[in-house]
Each structure stands twice: as C-alpha cells, then as structure tokens.
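Chemist: A single structure is presented below for examination.
The values are calculated or read from the model by the stated rules, or taken from the named source; none is laboratory data. A quick note: this is a predicted structure, and the numbers were derived from the prediction, not measured. So basically every Cβ, Gly included, is an ideal-geometry build from the backbone, and we count neighbours across all protein chains shown.
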Amino acid sequence: MVKHHPRMTAALFALAALTALLAPAVAQTPAAVPTHGLDLSAMDTRVMPCENFYQYANGCWLATAVIPAEYASGGVGVEVTERNLALLRTLAERAAANQRVKPDSAEGKVGSFYRSGMDEARIEADGVTPLAPEFARIEAVQDAPGLLAEMGRLHRLGVFAGFGLSVSPDLKDSTREIVQLFQGGIGLPARGYYEDKDAQEVRDAYVAHVTKMFALLGETPDKAVADARTVMAIETKLALASKAPPDLRDPQANYHKMTLSAMDGLTPGVDWRPYFTAIGLPDPGGMNVGQPQFFTALGQTATTVPLADWRAYLRWNLVHAEASRLSRAFVDENFHFYSTVLRGVPQMQPRWKRVLRATDAALGEALGQLYIAQAFPPAAKARALALVRNLKAALRDDLATLPWMTEATRREALVKLDAMAIKIGYPDKWRDYSKLDVTSPSYVINSMRADEFEFQRDLNKIGKPVDRQEWHMSPPTVNAYYSPTTNDINFPAGILQPPFFDPQADDAVNYGAIGAVIGHEMTHGFDDKGRQFDAHGNLRDWWTESDAQAFRARARSIVAQYSAYEPLSGLHINGGLTQGENIADIGGLKIAYLALEKSLRGRPRTKIDGFTPEQRFFIAYAQVWRAKQRPESLRVSLATDPHSPPQYRVIGALADMPEFRQAFDCPPDPRASPTTIW
C-alpha cells in the first residue's frame with residue numbers, strides 16, 4: 001500500500017533498505033467504520049475451517065465486497081488508508097487555505113505544495129511549458145560525455161533514465177553511507193515483460209502508449225511512432241542485461257564495491273566523471289555497483305546507439321516521470337496504460353487523493369507532523385511499544401529453543417535480536433525542509449524541486465555516520481518495515497489503528513492482527529536475506545556451516561510449498577521471489593501466538609462470540625489479510641511483488657502452524673512444508 005518515492009525504490013533495489021509488510025500494489029477502498037474485535041459479519045461459518053480457513057474467516061465479505069472502479073484491489077489495510085486520507089485531506093486543505101501560516105513551517109510547506117497540485121486551471125494552461133528548459137538540455141546533447149551529464153541532470157530531478165542511484169549504508173560497513181548504483185531505466189515492470197511470449201500484447205500496448213505521449217509533446221505521427229520504437233529498442237537492451245527480480249534478493253551477489261576508476265573499467269570507452277560531476281559528486285569514493293554486468297551492457301549501448309536515439313529515450317523518461325503532474329491529456333494517457341492496461345483499473349482517483357499522495361512523497365514528515373497531532377497521542381505510542389516488547393521477548397524465547405540451531409549460531413542470533421531497535425509512530429527528530437522551496441505556482445516545478453531536494457539530501461550523507469533514527473516511511477503510512485543495515489523495526493502511526501491495533505479489542509485479536517505484523521518485521525531479521533546481516537547491520541556470515549545448511553534446506557521447503565500455489569490458472573507464486581516474506585509471515589504468526597500464550601498464563605481462557613482465545617487469534621489474522629484484486633493487477637504482482645497474494649499469506653502460514661490445527665481440531669495439512677524454520 002505504500003507509494004514508493006524514487007528514492008525509496010532506489011534503496012529497495014540496492015538491497016540496503018526496506019523489507020516492508022504490505023504489497024505496494026494494493027490500493028484503496030472506501031473507508032469503513034472500525035469494528036472492535038472480530039468482524040463476525042465477514043465470516044462464512046458454513047465453510048469448515050479446516051477446509052478453507054480464508055473463506056471461513058472472510059467468505060461473506062468476499063461474496064459481497066466490490067472493488068471500486070478507481071482501485072486495483074481492496075481490503076482491510078486499504079480501508080485504514082482511506083480513513084487516513086480523509087483526515088489528511090482536511091489537514092492539507094486547511095493548510096492550503098491558511099493565509100497567516102508561516103511559509104517555512106510544516107503547515108506552510110504542505111499548504112503551498114498541495115495548493116499548487118490542486119490548481120487545475122494553472123496546470124492546464126501551463127501544459128508542458130515548465131519542462132521546456134529540460135527538453136532543451138536534452139536536445140543539446142551532442143556526445144557521450146554530454147549524454148552521461150544529462151543523465152546526471154535528470155537523476156537529480158528524480159528521473160532515473162538508464163539506471164538507478166541511491167545513497168544508503170555500506171552493506172559491509174553499516175556505519176557509513178555510500179553511493180549505490182543499480183540496474184534500471186525501463187518502463188515496464190520487469191525483465192520478463194520484454195522477452196516473454198505471453199507479454200507481447202503488453203509490449204504492443206506499451207509502444208502505443210509511448211507513441212501517444214510523444215504525440216502529446218507535439219511530434220508528428222511518423223516521428224512519434226519512430227521514437228517510441230527507439231525507446232522500446234533501448235529499454236529491451238537494458239532489460240535483457242538486467243537480473244530477474246528473485247536474483248536481486250541475494251545481498252552478496254549484488255554487492256560489488258569499487259572506485260570510480262574501477263567502474264570505468266566495466267565500460268570501455270565510457271568515462272563516468274561527467275555523470276558524477278553533473279549530479280554534484282565529482283568524487284563519489286567507494287561505491288556499490290550492484291549489477292556490474294548491467295553497467296557493462298549499458299556502456300556498450302551508450303557507445304553504439306546513435307545519440308539521436310538516446311535523446312528520444314531521455315525525452316521519454318522525462319515526460320514519463322512527470323506525466324502525473326502535467327495537464328489532463330498526459331495524466332489520462334499515463335493512467336490508461338499504467339493503471340488500466342497493466343492493472344485493470346477503469347477509473348482514475350479523484351485529484352485530491354492523487355495530490356495528497358504526491359504531498360506525502362514530497363513532504364512526508366511535514367505532513368506527518370500535522371497527522372500525528374490529530375491521530376496518534378502519546379498513550380497510543382506507549383501501548384504499541386509495550387506490545388512490541390512482548391513480541392520481542394517471545395521471539396527471544398523461540399530462538400533460545402530452536403532444536404535445529406547450534407549454540408554458536410544461537411548466541412549470535414540472540415545478540416542480534418537484543419540489538420534490534422524499535423521505532424514507533426514517528427521520528428524523534430523531524431526532517432528539516434527549510435531549504436525546500438515549494439512556493440512556485442507550478443505543480444510540476446514544485447515536484448521537481450522536491451525530488452532534487454531529496455536527491456541532494458541523500459548526497460549530503462555520503463561518507464558520514466549513518467543516522468539510525470531516520471525513517472523511510474512517513475507517519476500516515478499504513479505499512480511497516482525492517483531495515484537490515486540498521487537492524488531496526490519501524491511501525492508508522494498509520495497502521496497502529498483498528499483493526500490492526502485496537503485497545504478496545506481483546507488480546508487474542510490484537511496479537512493475531514498487529515502482533516503478527518510485529519512478529520513479521522522482527523522475523524525479517526532472520527529470513528533468507530536478513531539472516532546474512534549481523535547485529536550491527538553488516539553483511540557478515542555469522543552462521544556455522546551446519547546451521548546455514550539447515551536453514552537453507554528449510555527455506556527450500558518453503559519455496560517449494562508456495563511455488564505450488566496457483567492464484568491464476570497457469571500462473572504460480574514465485575517461491576524464490578517471495579521466500580523472504582513467506583518466511584516472515586510464518587515466523588511472525590508463530591511468534592505472535594507464543595506471545596499470546598505467554599500473556600494468557602494464569603488467566604481464564606474465556607470464550608468470546610463462541611470462540612476460544614486461540615481461535616480468535618487465527619480468525620483475526622485471516623481477517624486483516626482479506627482482499628480482492630483485479631486479475632490484471634494480480635498478474636503484475638506475481639511477476640514483481642516479493643509478497644504472496646493475501647489469500648496465500650493466510651493459507652501458507654496456517655499450513656505450517658500445528659497450533660492452528662490444534663485450535664480447530666484439524667488434521668495435518670498436506671500442503672505444509674515438511675520442515676519448519678520456526
């Protein structure tokens with residue numbers, strides 16, 4: 001559900017930042033009135049819980065829920081997001097209308113940005129005029145150094161043509177921030193869309209879309225068609241040189257620290273100094289080139305593809321990146337391909353929602369300050385922190401008793417868990433936006449200034465100690481994440497509300513809902529990727545060889561289990577791509593259950609609504625994952641999303657939980673993994 005800003009997306013591909021709970025493809029449904037405890041009206045008790053527990057817990061909701069025309073999917077998490085959007089709209093509109101607010105205050109920045117985004121008359125009148133200076137710079141490119149310099153210029157504006165760049169901790173020295181370079185530069189979701197036979201229809205639609213965007217820029221029909229084909233040709237070269245999504249999960253295989261001169265050695269005939277000079281970093285120092293073979297191919301393409309073709313490619317990248325901020329014709333065409341064609345969404349969201357999301361991407365912590373004052377009192381933070389500590393204690397108990405783990409590895413695992421930091425609600429220190437000027441009447445200019453501000457803020461970190469208090473999600477976000485390089489778990493205020501977290505609900509429901517979320521994020525520290533980082537966030541092998549082999553065998557079993565699930569006819573879950581999230585789902589649910597049982601010791605196990613605490617726990621877990629998704633969107637998710645579809649996050653995790661079978665008196669599940677990590 002989180003919208004990834006270019007900086008966040010960069011960090012994800014650099015394998016140095018977020019492992020988030022919720023799939024970003026899930027969109028919003030109209031806000032629902034919170035139900036305290038279980039939603040009994042959602043259940044279909046005609047279904048036997050041992051046969052299809054997801055249907056048992058959610059069947060009536062699934063039978064009646066309709067995905068609104070403006071969304072790719074809907075579910076509990078997105079209903080919470082809608083609630084947040086309603087409040088954020090009030091706050092943003094109040095800020096935009098306040099004539100006496102200080103321009104440099106959080107409210108002043110939010111109001112100015114939001115006001116420019118809502119000024120449709122001005123946006124329509126401007127058309128693409130605000131981008132004219134950038135198009136002129138592209139047309140001035142006459143040689144290879146100029147091409148790299150222009151890529152640098154566009155990268156500063158958040159337009160990641162050719163490849164991607166972020167700044168994040170060095171995977172093997174987590175005390176320092178370094179440049180991370182990684183594959184990118186394509187407009188379709190992943191490599192497979194450029195080579196798979198069954199993606200030809202999407203490729204044809206993509207070329208038609210790029211053609212229309214060039215036509216909107218004023219190109220003749222013939223030139224628009226030719227330039228679109230050129231873009232497709234360049235992107236295909238880049239895509240075929242890229243790793244597939246599952247291969248990006250291995251941090252060791254995507255870590256190649258080198259100097260600028262060593263990077264030049266990857267690309268004979270290409271000098272990277274013009275690029276780094278253009279971004280404002282003439283001496284980048286040691287940097288991680290995540291996929292060297294990609295940059296070798298990029299260098300070959302830079303020297304063999306005519307510059308006129310590269311100029312067309314750069315024009316496309318600019319208009320593509322800024323399309324949602326331009327006049328209606330660009331917005332509509334961008335929505336048609338990326339939302340309707342790719343994800344099956346027939347109707348665009350209202351403008352206020354789109355501008356709110358952009359405001360959150362640009363000024364997340366300024367908007368977050370306004371949100372926190374209204375939605376997250378100190379008492380809520382204290383209650384959430386206590387719950388997290390309970391889950392951490394339960395994970396410690398589990399790690400201390402895992403029968404397959406030897407003492408040498410166990411000691412290191414417990415040290416890592418004890419060092420795992422907890423961040424709840426919002427930052428202790430708010431981000432400083434004083435140098436960000438968003439007073440332009442032009443929405444696209446304010447947006448590009450915000451992107452450049454973020455880019456420069458990242459560059460300013462290089463070589464400096466890592467700020468371990470920094471957040472990578474804004475406070476209103478309905479999501480959570482674990483960061484392996486800082487070894488911390490982060491729970492924005494946006495998710496800490498019903499039905500995920502409800503002080504009015506019984507413990508069983510809270511542990512099944514937010515407890516499983518907390519356990520999920522903690523478990524990421526010990527999944528297939530997270531386990532490779534130590535207590536300090538360094539990529540270091542702290543496992544004995546026998547324990548590493550035992551873990552990998554269990555992980556392969558989970559990969560096989562989930563790969564057998566078939567959400568769409570002929571399309572299976574990619575168990576390799578999703579293994580980290582699946583491991584975290586199984587482990588998180590296990591840890592939350594252990595914490596519940598610990599809290600119930602010495603207390604009466606009273607039935608509520610006819611269900612035992614253990615039964616309520618599992619029903620609550622299944623209910624927070626209820627969702628419906630359009631088949632087009634599901635196809636994209638299966639190809640690119642590291643999360644399994646919601647139904648299988650429930651089915652898969654419960655299959656590996658003997659405690660579930662005991663709670664509902666079920667026989668062993670033949671779909672279960674024969675071995676378990678937790």
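Chemist: Going by the conditions given, is ARG7 modelled with pLDDT under 95, touching a helix residue (DSSP H, G or I) at 6+ places or on another chain (Cβ under 9 Å), more than 23 Å from LEU638 (Cβ to Cβ) and not β-branched (Val, Ile, Thr)?
Modeler: Against the criterion (modelled with pLDDT under 95, touching a helix residue (DSSP H, G or I) at 6+ places or on another chain (Cβ under 9 Å), more than 23 Å from LEU638 (Cβ to Cβ) and not β-branched (Val, Ile, Thr)), ARG7 qualifies.
Chemist: Could you list, in sequence order, the residues of the range 506-531 that are closer than 30 Å to LEU171 by Cα and among the polar types (S, T, N, Q)?
Modeler: Within the range 506-531, just THR523 meets the criteria.
Chemist: Can you confirm whether LEU148 is among the hydrophobic types (A, V, I, L, M, F, W, C), more than 26 Å from LEU326 (Cβ to Cβ) and assigned to a helix (DSSP H, G or I)?
Modeler: For LEU148, the condition - among the hydrophobic types (A, V, I, L, M, F, W, C), more than 26 Å from LEU326 (Cβ to Cβ) and assigned to a helix (DSSP H, G or I) - is met.
Chemist: Can you spot a residue in the range 375-398 that is among the charged types (D, E, K, R), surrounded by 14 or more Cβ atoms within 10 Å (Cβ to Cβ) and farther than 22 Å from GLY512 by Cα?
Modeler: Checked the range 375-398: no residue is among the charged types (D, E, K, R), surrounded by 14 or more Cβ atoms within 10 Å (Cβ to Cβ) and farther than 22 Å from GLY512 by Cα.
Chemist: Can you pull out every residue in the range 85-141 that is under 29 Å from the mean Cα position of the chain (by Cα), in a helix (DSSP H, G or I) and among the polar types (S, T, N, Q)?
Modeler: Selection gives THR90, SER112, SER116.
Chemist: Mind checking whether some residue in the range 497-511 is over 21 Å from the mean Cα position of the chain (by Cα) and aromatic (Phe, Trp, Tyr)?
Modeler: There is at least one residue in the range 497-511 that is over 21 Å from the mean Cα position of the chain (by Cα) and aromatic (Phe, Trp, Tyr).
Chemist: Is it fair to say ALA386 is part of a helix (DSSP H, G or I) and more than 30 Å from ARG328 (Cα to Cα)?
Modeler: When the stated conditions are applied, ALA386 passes them.
Chemist: If you don't mind, there's one more thing I want to ask. Among the residues of the range 77-104, which ones are surrounded by fewer than 21 Cβ atoms within 10 Å (Cβ to Cβ), modelled with pLDDT of 95 or more and among the polar types (S, T, N, Q)?
Modeler: THR90
Chemist: With (1) small (Gly, Ala, Ser); (2) touching a Ser or Thr at 6+ places or on another chain (Cβ under 8 Å); (3) over 30 Å from ASP309 (Cβ atoms); (4) modelled with pLDDT of 95 or more as the list, and GLY108 as the residue in question, which single condition is left unmet?
Modeler: Unmet for GLY108, out of (1) small (Gly, Ala, Ser); (2) touching a Ser or Thr at 6+ places or on another chain (Cβ under 8 Å); (3) over 30 Å from ASP309 (Cβ atoms); (4) modelled with pLDDT of 95 or more: (2).
Chemist: Residues of the range 376-398 being within 16 Å of GLN504 (Cα to Cα), touching a residue at least 60 places away in the same chain (Cβ under 8 Å) and of a type in the set (A, V, I, L, M), which ones?
Modeler: ALA380, ALA384, LEU387
Chemist: So, in the range 451-478, how many residues would count as being surrounded by 24 or more Cβ atoms within 10 Å (Cβ to Cβ) and either within 18 Å of SER116 (Cα to Cα) or polar (S, T, N, Q) (or both)?
Modeler: 2
Chemist: Between a residue in the range 183-206 that is farther than 16 Å from ARG343 by Cα and any residue that is surrounded by fewer than 20 Cβ atoms within 10 Å (Cβ to Cβ) and among the hydroxyl-bearing types (Ser, Thr, Tyr), which pairs come within a Cβ distance under 7 Å, given they are 6 or more apart or on different chains?
Modeler: Short answer, once both residue conditions are applied: TYR194/THR236.
Chemist: Okay, next question. If I go through the range 403-432 residue by residue, how many of them are surrounded by 14 or more Cβ atoms within 10 Å (Cβ to Cβ), in contact (Cβ under 8 Å) with a residue 24 or more places away in the chain and touching a helix residue (DSSP H, G or I) at 6+ places or on another chain (Cβ under 7 Å)?
Modeler: Result for the range 403-432: 14.
Chemist: Residue under question is LEU436, and the condition is that it be part of a loop (DSSP other than H, G, I, E, B) and either touching a strand residue (DSSP E or B) at 6+ places or on another chain (Cβ under 8 Å) or in contact (Cβ under 8 Å) with a residue 12 or more places away in the chain (or both); does it hold?
Modeler: Yes.
Chemist: Is it true that LYS435 is out of contact with any helix residue (DSSP H, G or I) (no Cβ under 9 Å at 6 or more places or on another chain) and among the charged types (D, E, K, R)?
Modeler: No, not satisfied.
Chemist: Additional query: Take VAL341 and decide whether it is in a helix (DSSP H, G or I) and surrounded by fewer than 18 Cβ atoms within 10 Å (Cβ to Cβ).
Modeler: In short, yes.
Chemist: Looking at the range 552-667, what helices (runs of 4 or more DSSP H) fall wholly within it and have at least 2 residues that are polar (S, T, N, Q)?
Modeler: Filter on the range 552-667 gives 579-600, 613-624, 631-640.
Chemist: Follow-up. Could you identify the single residue in GLU70, GLU82 that is of a type in the set (Asp, Glu) and part of a helix (DSSP H, G or I)?
Modeler: Going through GLU70, GLU82 in turn, just one is of a type in the set (Asp, Glu) and part of a helix (DSSP H, G or I): GLU82.
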